[in-house]
Every structure is written in structure tokens, then in C-alpha cells.
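Undergrad: Mind looking over this structure? Questions follow.
The values are calculated or read from the model by the stated rules, or taken from the named source; none is laboratory data. Owing to the predicted nature of the structure, the values given are computational and were not obtained by experimental measurement. Cβ: placed from backbone, ideal geometry, glycine included. Neighbour counts: every protein chain shown.
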Amino acid sequence: MSAPETLEGWFSLHDLRRLDRIAWGQVPRSDQAKALGEAADLLAEAEAVHDASAGRSVTYSMIGHKADLMMLHLRPDLSQLHDLERRFDDSLLASFMSRPYSYVSVIEISRHGAPDGTAEAIEDTPYVQSRLHPEIPDHDAYVCFYPMSKKRDGDDNWYRLDGVDRSELMRAHGRTGRRYAGRVSQIVTGSMGLDDWEWGVTLFSDDPLQFKKLVYEMRFDEVSARYADFGPFYVGRRLAPDQLAEWAR
Amino acid sequence: MSAPETLEGWFSLHDLRRLDRIAWGQVPRSDQAKALGEAADLLAEAEAVHDASAGRSVTYSMIGHKADLMMLHLRPDLSQLHDLERRFDDSLLASFMSRPYSYVSVIEISRHGAPDGTAEAIEDTPYVQSRLHPEIPDHDAYVCFYPMSKKRDGDDNWYRLDGVDRSELMRAHGRTGRRYAGRVSQIVTGSMGLDDWEWGVTLFSDDPLQFKKLVYEMRFDEVSARYADFGPFYVGRRLAPDQLAEWAR
Amino acid sequence: MSAPETLEGWFSLHDLRRLDRIAWGQVPRSDQAKALGEAADLLAEAEAVHDASAGRSVTYSMIGHKADLMMLHLRPDLSQLHDLERRFDDSLLASFMSRPYSYVSVIEISRHGAPDGTAEAIEDTPYVQSRLHPEIPDHDAYVCFYPMSKKRDGDDNWYRLDGVDRSELMRAHGRTGRRYAGRVSQIVTGSMGLDDWEWGVTLFSDDPLQFKKLVYEMRFDEVSARYADFGPFYVGRRLAPDQLAEWAR
Amino acid sequence: MSAPETLEGWFSLHDLRRLDRIAWGQVPRSDQAKALGEAADLLAEAEAVHDASAGRSVTYSMIGHKADLMMLHLRPDLSQLHDLERRFDDSLLASFMSRPYSYVSVIEISRHGAPDGTAEAIEDTPYVQSRLHPEIPDHDAYVCFYPMSKKRDGDDNWYRLDGVDRSELMRAHGRTGRRYAGRVSQIVTGSMGLDDWEWGVTLFSDDPLQFKKLVYEMRFDEVSARYADFGPFYVGRRLAPDQLAEWAR
Amino acid sequence: MSAPETLEGWFSLHDLRRLDRIAWGQVPRSDQAKALGEAADLLAEAEAVHDASAGRSVTYSMIGHKADLMMLHLRPDLSQLHDLERRFDDSLLASFMSRPYSYVSVIEISRHGAPDGTAEAIEDTPYVQSRLHPEIPDHDAYVCFYPMSKKRDGDDNWYRLDGVDRSELMRAHGRTGRRYAGRVSQIVTGSMGLDDWEWGVTLFSDDPLQFKKLVYEMRFDEVSARYADFGPFYVGRRLAPDQLAEWAR
């Protein structure tokens, strides 16, 4: 079996942090304010992408026990993502936080069923460029991130399917997704050789019920029902840098 | 295969906390009392649902090592649940607690076998409304919460079953459940796209032996025997806000 | 498939604790003595069952890294077990301990192959009553506890077996067990709806080699070989309350 | 299927410890020296087997992050192993260590294919006695310990094999092992009913490459290829009690 | 089935560390500088291989939450690797670090399909010697490390394949790898009997996108698609010893 051609865009880091509330509670109020101010400045600088020629950065306040904060960074070079996490590591706020999870990947467009060698021809089109270097719309308040892999279990082995069959299954899956156009947008990132699962899926919406509706409907697509293994799901709410002070009262 | 229609009600947060007894033991008695008073006020306000137009909140003292406290919140908007957990995070008591688990989901009624498009017609009926926005009866002292998924393993793949077969299996399962009417009530919440398992099941009863009897009997239903994967089980006992001070002597 | 009838006796809590030796090592000797004295009193009161109309409580010093102490409590009501763990939680000794594991279940007698509705007829016989409310013989120095479930994997699915076949497999298993009569005694507790596995098995013997011999021999019974999934195994040695002071020198 | 006869020798405890370097680093040099001296005395006493009528004890410095120290104790009674771990627990050094793992088992000789009831006849022969109560040669600098179980997965179910087939598979495996005679020696311990896996394998050699060669070659034996499930592997280097002071500079 | 012949070179230790930022943040600046200087000296000495007759050592700053630092050491003897980790353990910086992972293995060349006994004949050729004792090129800024095993699941059992089939599958896999010559170099280490997985794969490249491209393409090779189980993936960026001070500002 030969691998489908892929196009890659920005590298991506999902950087999740959890506040150690016992340690944080022992910090004097004035130092807390200083720590939050410094961190807010770092987030604002990242969102302004002063550190690189291009990219995106947004921050989320996470719902549930898995994490408190998620910074999502997109940059042309992996080293820029590493610099961003190191810079946050060096902040006073980070010294009261653990890192329960992170995810390293790269934006990927898969060319299932497309003739070999045609990727190059379309790579420079504005449509493809906009998907490889996507906007993250400000009006979408909620995020849903989950990593996933394709199964290789006995008869349910994605990587042993005929390429034509794989393409048809992906196309059907795409049709389900398109029914959510305007309600949910997504970024798919590839992570083989970069992190533990094979792909990361990041969904954006103003209505978190749409995450449930979309993922539920897609689970009945054969590509999910038969071939998908899902990792943990992280759900959060957009947090502007200037909301950080209030966030960690 | 197409997904069965669903109706959704309130969003749900199961928020589990564990007291760090070493840290707590070093807090002066007067500060402990202050922390417990503040937390009791927060729980009472949540149970009074002053923070939203509608919803429910109840608290449980958990049995066994998995957690000490579980707050169960139901609210119309996910952001309201996030506000509730953040408000508790900011309390003094929470600064001596870790979060061993939580669960984000939304109340779901599944319309297995019902004709497509009929969900809308019934959504506004009082019966359906009462299931989407349920009471939590005060006289039920015990709670049992567990997340679960449907299997997708080789021949035992729920999502590849014919819709008619799925409906029949669910109906048989419902008949088992109805034999426990009056002894156990339940809320089923959907969590695809929101948390790691596919559904959450929350059972309420005055007699915890009924949890065992019900789950045991249901396990022999084909839908459980063949298609269910179960997560951890959490069992607790109702705790009124004004019992909190005595709870953490 | 219909579930076999069961009879239930006392609720059961296996409460395992681990001493945080770094924190404990910093406690002055006099406070250590006070903490051990208070805890020994709690254990003695529990063993005397002053807190309830009936029940049993015994304590074990656990072998290996998984836990240091296991309190095994049997009581008529689940709330009594919860009170016992909370009372221990409130002790000074508990504030230097974590809880690596616990298990909530209820003593169960399964009536595989018995005609439906006959359980009631035998429930009040002295033999059945003594199994539902068992003694824990003082002369048995060792305990072995492990939780387990029955498999539901492809063709190896206990819950899809015919009831007659299940009964025959359980009877053969019982014959293996009876060969250890006088050397090993056991309590089987059901935990569906109460904890993560389906059953707990607690073995008692003066000779821990018999645990190995019994479990080894039983593993070749078809009911274990084909249908059993085993959780962690905990082994300990009886500790009388008045040995506690020496136990944590 | 009936279980093959087994003979059992000494009980065994693999006791692994990890130094908490942050806590240890805050201990004054003089107290460190005192703690190391006390621990070295305990190890020397254990190696001299003053605590029991017979047995062996050796200590290893472990390679990699999984543990820092492994004490391997063999004794006639399980209670003697428990006394040894408790005595170490009570030392000052142990109060700066956690226990990442341990393993409780008993030396086992399996009589695959031997006629029933003949075990007794051979138990008192010098050869069998020397295997049930083995030497640990001083010149073997390296140890490799791993727990393992036999599979019970669908068609690959060791416990449902015919006894004759099991014996033939074990004999072939033994032939592979014997090719390493003089280079690697081993102790096999049974742990059903005592710990989480079914057996522990402890290998000794002066050349750690032989561990790799032996385990690699054996993996192609049908008994491993088809029926073995392996737990974590721990590798260490012999540490004499009087080397302990230098070990934790 | 008989095992393919293998040749072994240097032993290998992947030593991963994570800085405890809460503890580190409480260290005075001057002590931090002292700790970083001492650690930089240790890394420089290791890279200069003063401790052994031969070998390699390089250090990486790791991307994501899994670790902060990875030291990769190659040495003729396992005891030399153990000495290196112990020496780092004894440093002041290490007393503020935990060890989230490590990997013990040995460089391996597998002679799939080669006639038995020919390994010896080629072992001393310069080509084989250079693969058993490899350079780590200074210009390759990125590393990707992951452990892996071959499956033994039902029909997908690598160890039950005919040797000729195994060889052909490995040859096809090699052809995929060779398409990345000049872009990615790799070291394969065997770890049976030494660590939990069967092999470690360490990739080096100036362009981390090549890790993704290579691993993605290889996953469609039958040897990966059908027979590979992958562990965690660790990605990092080369860090020279004299960059350490700036690394942990």
C-alpha cells in the first residue's frame, strides 16, 4: 500500500497547563498580580505573533479537571513553537503550573484519491494556502481538541485498505463534516513522528452542542465506526490575554 | 449507517474533588472553619441556581478512595458550568483539594427507531421537557455515576449495526430499566466531542443495593453484554451544604 | 439471557492506605505516639462493631509497595461503611496517609442454575445466613484480595452464554475450590454499580502458599481460563489494633 | 484441563525503591552519612540472613528511571519477607524513598508432562532442593527482572491447551534456555494469588548483552511468540552493602 | 521459528529529565547559576567521552510536556551508562529534576535473511563497524525517539512468520527508509531483556517535517501496518552544553 500524498502547513503546539492551587494560594497577592501581568503580556505578544514572520496564537480556559489553560500556537518552524513554550516556562506563573498534556503536530491536508504528484500543482493556490495557514475566527468562543489514530486491529486495519476504498471512506466523512459548515470549523494536524497519536483534530464553534452533534454523527461513518481510535477530548472557552488577571483571582 | 436523532437538554458537569489531608491538617482550625463556611455558601448558592435562569445542583460525599466530594451541576449553557467550577476553584477550600476526575456532557434523549424529523414535534411536550430538564429528588440519598462507550471491536461494533437492530436492543434494555421504576431514577448524558467516553449514566436511589441489582441485570442484556464498555464507577451519598462543616472536621 | 438470581448480605469496604514516610518522619515522636494511639482506638472500636447492629472489621499489614494497611469492614448499610472511612480520615494518622486503593462491594451468593424465585425460600436458612454474614476466623493470619470481571471479548463472552452452561462452569469451579476447604476460606462480593470490577474475592488462610496453589489450579478451570479478567492482587498479614504502635515505629 | 504439578521453595520479594532527590538534597551531610550507614547495616544483616534459618538477600543499583535500588530477598516464610521490608521502611534512608514497584512470589518448579504424584518423590533430591533454595552467585554483576503471564486471548489461550502440548512447548523453551548455561542463570517464581502477573523471571549474568540475546531468541519460541505477555523489565548492577555510602553521595 | 542473527554495538541510554519549576523557582539565582555551570560541565565531559575508551553523548531540549531534557549516551559497557546517569543524579541540577522516562538498549543490526553464521564474517568490516559505533552528526538539530514492539496478536504475529517472509517485509521497509537518505539518519537499538519495548528508534534530521513524512510513509509498509506497536514519541532540539545556562533562565 502506498501512502496518500499530503501537504503540510504550520507546525502546531497545543500547550496545556494546570495551576497548582496549593502553591499558588501561598503567593502574596502582589506577586500574584505581577505573575498574571507578566503572563498576560506573554500571551498578548504570542497572539500578536511578534516572534515570527507568520502564525496564530490563541488561549483557552479549559472546562473540567484535565487542564486549566490551553495555549494553541501555529508557527512556520517547530523551533518557534519550542521558543514559545520555553518563554512561558520561564514566567513566574508557569512556576506554579504543571503540564498535564501537550500535543506537537503539523497542519496537514491529505490528498486521498488525488493523482500522485498533483499536490505541488495546487499547493500555491489561495484556497490550499488558506487551509495550510488558517485563521482562527475571534467570534468562536469554544474549542474542542482531541488526538486520534486509525486502527490496525485484525480485519479493521486502515493501513491495509486499498487506496480507492480509503478515498471513498474519507469523502463520505467529508460530506458529514460539510453539513456543519458555518457552525463548526476545524484544523486537522498530522503527528506521526511528532507525538503519540497519528492526528490531532481541533474544532471551533460558538455553540459547544455542535461539537457533540458533529462527533456523534461522524461516529456512524464507516471511517470512524470501523477505523478510528480516539484519545482524550479537551474542551475550552476562549480567554483573551487581558482576561487572565480575572481568570486566576 | 446514519446516526439516530437525539434531543439535548441541560449541559452537565460532574465535578469531583479530593481533600489533600496533609495540607488541610496544617491549616489552623479558625481558617478551616472559614474555608468550610465559604464553600458551604457556594454550594448553597449553586443549589439555589442564582447564577442562571434554570438548572440543578447537588453535592455528594463520595465513598471510597476515588474522590471525597462530587458536585453535580446541570445548566442551560456550558459557560455557566465553567463559571461554577471556576468559582469553586477560587475558594479557600478548593486550594486544599485536587481534582481526580470530572465529566462534561449534555442531557440526551435518543430517538432510536423513531422516524426522522419527528424529534422536533415532540420536543416541546411536557414529558420530553421534564426529561431534558429533570428534577433530582431530594429523598434519594445515593448516587452512582459511570461513563461508558459502545464497543467498536471486530464483529462487536455498535456503530455498524443496522438501525432497526440497534432500536430493538435499546428497547429491550429499556424494559429491564423500567422494572426498577420507583426504586432507581436515571439521567443519561451524551459526551461525544465533550469528554473521553461516549455517555455518562447517573443513577439515583435511596437504596444503593438497587444500583448493583440494576447494573447486574442489565449486563445480561445483549446491548451491554456485547456492545458496552464501562468506565470507572463513582458512588456517593447526598450532602447538604449545611453538612459540609461537619463533613471535614 | 437472563441474569441468575443473587442473594446479598453485608456491604463491604476494602480500605487501603499508604503512609507518607517523608511527612511522617517529620512528626515529633510524641505526636506519632498520639496518632498511633488514636488510630489503634478507632480500629479496636471498629473491630468491636460498636457503630452498628452487626458486622465485622479486621486490619491487615500489607506486603509489597501497593499499600501499607488494609481495613476490611463488613456492615449492613453502605452508610455505615462510609462513616467508618470518614472517621478514619479525620484521625491524625490518616492525615499522613494517602489512599492508593479501595473497593466497595456487597457480599453476594449467586444462584446459578437454581430455579427462579427459590432464593427467597432459602434466604433465611442458617447456612445461607452464615454465608451472607460471615465470620472472619482469627487464626487466619493472611489475606488475599483481588477484584475481577467476566470477559465480554468476541467469542469469550460470559454474559452471552446459555444459563445452563454458565451453571455447569461455576459448579466445576466450585469443586476446585472445595478441595481447599479447611485451608482457605473466601468471601465473594459483587460490585457492579458499586465499583470498577464486577466482583471482589477475599481469601483467608494461615498459609499464603495456599493462595498460590488455589488460584493456580483454578486458572485451568474453563470459567477462569476463558472468561476471567483479573485486577490487582493485594496480600497482607493480620494486624491487631494493639500492634499498630509497633507497626509504625 | 488440569493444572501441572508444581513444587515451591522460598518466598521471594523484589523490593524496588527510588530516592526522592529533592528531599534528600535538603538533608545535612552528617544526617545523610548516618542514614546511609544505618541502611548499609540493614542490607549487610539481610545478606547475612541473621533474621531467618535460611534464605538469600542481594542488592542492586538499578539502571534507568524506573527505580534506584532493588533488594531481592528469598526466605522460607512470607512473614520474614514482610519483616525485612518493614525494617527497611523504618530506616531513615527509606523515609526519603518511594516504592515504585515490588513483586511478591514464590520459587516454583513446574512439572509439565511429569506423571501426577511424582513431585513428592523427587522433592527431597539434592538437585531439586538446590533449585528450590538457590544460590545467587557473587560473580554475576547484573540482574534482569520481569514479571509475565500466559495469554488467554481467543485462540491463543495457554490454559486451554492440552497438557501434552503445553509440556512439549515448555521443553522446547527449556532447550533454548540451556544454550545459555554458564552465561545466564535464572530463578522462576510463581505469583498467582500473590501478585498481579503470573510469574516472575529473574536472570543473572556477568554480561548484560546475554539478557538481550536470551530474551530475543526465546521470543521466537512458540510458547513466547504465541502465549506470553510481558510486564516491565528492570535491569540493575550488584551493589554490596559497603558500596551504599558512595552510591548516594 | 528461529531468531535472525543480530550484531550488537554500543549500549545506549536515553535519559530524560523534567525540571520541577516550583522547587527550582525557590533556588537563589546564584545557586541556580552554580547548578547550571556544574551540569554544563558534566554534559561537556560526557560529550568529550573522557569516561570511556569510546562512545558518543549528545543533549536535547525536548518539545512538549513529556520531558525537558534528553541526554543520549552511547558507550561500550552498560556500567559506563549507569555511571553517567549516577554522576548526573549527584549534581545539584538533578536534585530539582524528576525522571519521566528513560530507555536502556543496545545498538543492533539485524541480519534478516542472511545465512546463519555469516555475521561474524562481516562484523569487522568498516561499514558494519561504523553502524555499530555510529557518529551523531552535529548539523542535525532535531531528534525523534520512540520505542516499539512487533505485534503478537492472533493472526498478526511477527514471531510466527516464516523467516523468508520476515526478511522480505524488512527489505521493503528498508527501501522506504532509503528514500530519506541524506534527510534523516537513524540508530536502531534492541531492548529485549533490557527495557519494556523490543526496539528503540532514534531519528536525526535538520528538518522535523521529515520525521513526520518518513513515519507516515512507513506506516503503510506491511511490516508497520500489520506488525508494529508504537510507544510514545519524543521530539527535541540539540542543546550544546554551553547553552544550558540560557536554557534554564
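Undergrad: Give just the number: which of (1) under 30 Å from residue C:84 (Cβ atoms); (2) under 15 Å from the mean Cα position of the chain (by Cα) does residue B:104 not satisfy?
TA: (1)
Undergrad: Being basic (Lys, Arg), more than 21 Å from residue B:187 (Cα to Cα) and out of contact with any strand residue (DSSP E or B) (no Cβ under 6 Å at 6 or more places or on another chain) is the requirement here; does residue B:87 meet it?
TA: yes
Undergrad: What residue, among those in the stretch A:226-246 that are buried (at least 19 other Cβ atoms within 10 Å of the Cβ) and among the aliphatic types (A, V, I, L, M), is farthest from residue A:68 (Cα to Cα)?
TA: A:228
Undergrad: Same structure again: Which condition does residue C:244 not pass, out of (1) more than 8 Å from every other protein chain (Cβ to nearest Cβ); (2) at pLDDT 95 or above; (3) out of contact with any helix residue (DSSP H, G or I) (no Cβ under 7 Å at 6 or more places or on another chain), if it passes all the others?
TA: (3)
Undergrad: While we're looking at this one, here's another question. Among the listed residues B:132, B:161, identify the single one that is within 14 Å of chain A (Cβ to nearest Cβ) and closer than 30 Å to residue B:47 by Cβ.
TA: B:132
Undergrad: If you don't mind, there's one more thing I want to ask. For the stretch B:69-85, enumerate the residues that are touching an Asp or Glu at 6+ places or on another chain (Cβ under 9 Å) and without any contact (Cβ under 8 Å) to a residue 60 or more places away in the chain.
TA: B:71, B:83, listed by residue number.
Undergrad: Further, regarding this structure: Kindly indicate whether any position in the stretch C:186-195 is away from chain D (no Cβ under 11 Å), in contact with a Phe, Trp or Tyr (Cβ under 9 Å, 6 or more places away or on another chain) and of a type in the set (Asp, Glu). Steps first, answer last, please.
TA: The first filter runs over the stretch C:186-195 and keeps only residues away from chain D (no Cβ under 11 Å), leaving C:186-195.
Cutting the leftovers down to in contact with a Phe, Trp or Tyr (Cβ under 9 Å, 6 or more places away or on another chain) gives us C:186-195.
After this cut, where a residue has to be of a type in the set (Asp, Glu) as well, the list is C:195.
Yes: one or more hits.
Undergrad: Does residue A:85 qualify as being of a type in the set (D, E, K, R) and within 19 Å of the chain's Cα centre (by Cα)? Walk me through it before giving the result.
TA: On the way: of a type in the set (D, E, K, R): yes; within 19 Å of the chain's Cα centre (by Cα): yes.
Criteria met by residue A:85.
Undergrad: Has the stretch D:38-61 got at least one residue that is hydrophobic (A, V, I, L, M, F, W, C), under 17 Å from the mean Cα position of the chain (by Cα) and part of a strand (DSSP E or B)?
TA: The answer is yes, given that some residue of the stretch D:38-61 is hydrophobic (A, V, I, L, M, F, W, C), under 17 Å from the mean Cα position of the chain (by Cα) and part of a strand (DSSP E or B).
Undergrad: Hey, another quick one. Among the candidates C:237, C:249, C:183, C:226, which residue alone is part of a strand (DSSP E or B), of a type in the set (D, E, K, R) and in contact with a helix residue (DSSP H, G or I) (Cβ under 9 Å, 6 or more places away or on another chain)?
TA: Only one candidate passes the filter, namely C:237.
Undergrad: Turning to a different aspect of this structure: Residue by residue through the stretch B:20-31, note down the ones that are within 14 Å of chain C (Cβ to nearest Cβ), in a helix (DSSP H, G or I) and either out of contact with any helix residue (DSSP H, G or I) (no Cβ under 7 Å at 6 or more places or on another chain) or on the phi > 0 side of the Ramachandran plot (or both).
TA: B:29
Undergrad: What single numbered condition from (1) within 13 Å of chain D (Cβ to nearest Cβ); (2) in contact with a Pro (Cβ under 9 Å, 6 or more places away or on another chain); (3) assigned to a helix (DSSP H, G or I) fails to hold for residue E:17?
TA: (3)
Undergrad: Report whether or not residue B:140 is within 21 Å of the chain's Cα centre (by Cα), surrounded by 14 or more Cβ atoms within 10 Å (Cβ to Cβ) and of a type in the set (Asp, Glu).
TA: yes
Undergrad: Still on this structure, I have one more. Can you name the residue in the stretch A:135-154 that is aliphatic (A, V, I, L, M) and either out of contact with any strand residue (DSSP E or B) (no Cβ under 7 Å at 6 or more places or on another chain) or in a loop (DSSP other than H, G, I, E, B) (or both) and, of all such residues, is nearest to the other protein chains (Cβ to nearest Cβ)?
TA: If we take residues in the stretch A:135-154 being aliphatic (A, V, I, L, M) and either out of contact with any strand residue (DSSP E or B) (no Cβ under 7 Å at 6 or more places or on another chain) or in a loop (DSSP other than H, G, I, E, B) (or both), then A:141 is nearest to the other protein chains (Cβ to nearest Cβ).
Undergrad: Taking the stretch B:83-106, which residues are more than 7 Å from chain A (Cβ to nearest Cβ), surrounded by fewer than 21 Cβ atoms within 10 Å (Cβ to Cβ) and among the polar types (S, T, N, Q)?
TA: B:91, B:98
Undergrad: Could you tell me how many of the residues in the stretch B:166-196 are in contact with a Ser or Thr (Cβ under 8 Å, 6 or more places away or on another chain) and without any contact (Cβ under 8 Å) to a residue 60 or more places away in the chain?
TA: Final tally of qualifying residues: 5.
Undergrad: Any residue at all in the stretch C:113-132 that is assigned to a loop (DSSP other than H, G, I, E, B), at pLDDT below 95 and touching a helix residue (DSSP H, G or I) at 6+ places or on another chain (Cβ under 9 Å)?
TA: Yes, the stretch C:113-132 contains a residue that is assigned to a loop (DSSP other than H, G, I, E, B), at pLDDT below 95 and touching a helix residue (DSSP H, G or I) at 6+ places or on another chain (Cβ under 9 Å).
Undergrad: Let me ask something else about it. Under the condition of being surrounded by 19 or more Cβ atoms within 10 Å (Cβ to Cβ) and either assigned to a loop (DSSP other than H, G, I, E, B) or at pLDDT below 95 (or both), which residue from the stretch C:198-219 is farthest from the chain's Cα centre (by Cα)?
TA: The qualifying residue farthest from the chain's Cα centre (by Cα) is C:208.
Undergrad: Something else: In the stretch B:181-197, which residues are surrounded by fewer than 22 Cβ atoms within 10 Å (Cβ to Cβ), among the charged types (D, E, K, R) and in contact with a Pro (Cβ under 8 Å, 6 or more places away or on another chain)?
TA: B:196
Undergrad: Restricting to the stretch C:38-55, and then to whatever is within 14 Å of another protein chain (Cβ to nearest Cβ) and among the hydrophobic types (A, V, I, L, M, F, W, C), can you tell me which residue is surrounded by the fewest Cβ atoms within 10 Å (Cβ to Cβ)?
TA: Taking the stretch C:38-55 and keeping what is within 14 Å of another protein chain (Cβ to nearest Cβ), we get C:38-39, C:42.
Add one more test, that the residue is among the hydrophobic types (A, V, I, L, M, F, W, C), and what stays is C:39, C:42.
On the way: C:39: 24, C:42: 22.
Ranking the qualifying residues of the stretch C:38-55, first place goes to C:42.
Undergrad: Within the stretch E:146-165, restricting attention to residues that are farther than 16 Å from residue E:229 by Cβ and in contact (Cβ under 8 Å) with a residue 60 or more places away in the chain, which residue is surrounded by the fewest Cβ atoms within 10 Å (Cβ to Cβ)?
TA: E:162
Undergrad: Residue under question is residue B:117, and the condition is that it be on the phi > 0 side of the Ramachandran plot and not acidic (Asp, Glu); does it hold? Show your work before the answer.
TA: Working: on the phi > 0 side of the Ramachandran plot: yes; not acidic (Asp, Glu): yes.
Yes: the conditions hold for residue B:117.
Undergrad: Same structure again: So, residue C:63, is that one within 11 Å of another protein chain (Cβ to nearest Cβ), closer than 23 Å to residue C:144 by Cα and either in contact (Cβ under 8 Å) with a residue 40 or more places away in the chain or buried (at least 16 other Cβ atoms within 10 Å of the Cβ) (or both) or not?
TA: So residue C:63 passes the test.
Undergrad: Could we say that residue A:58 is at pLDDT 95 or above, in contact with a strand residue (DSSP E or B) (Cβ under 7 Å, 6 or more places away or on another chain) and crowded, with 18+ Cβ neighbours inside 10 Å here? Talk me through it step by step, then tell me what you get.
TA: Working: at pLDDT 95 or above: yes; in contact with a strand residue (DSSP E or B) (Cβ under 7 Å, 6 or more places away or on another chain): yes; crowded, with 18+ Cβ neighbours inside 10 Å: yes.
Yes.
Undergrad: Quickly run through the stretch C:13-37 and pick out the residues that are of a type in the set (S, T, N, Q), over 12 Å from residue B:22 (Cβ atoms) and loosely packed, with under 15 Cβ neighbours inside 10 Å.
TA: Passing the criteria: only C:30.
Undergrad: Looking only at the stretch E:210-220, how many residues end up being within 8 Å of another protein chain (Cβ to nearest Cβ) and touching a helix residue (DSSP H, G or I) at 6+ places or on another chain (Cβ under 8 Å)?
TA: 4
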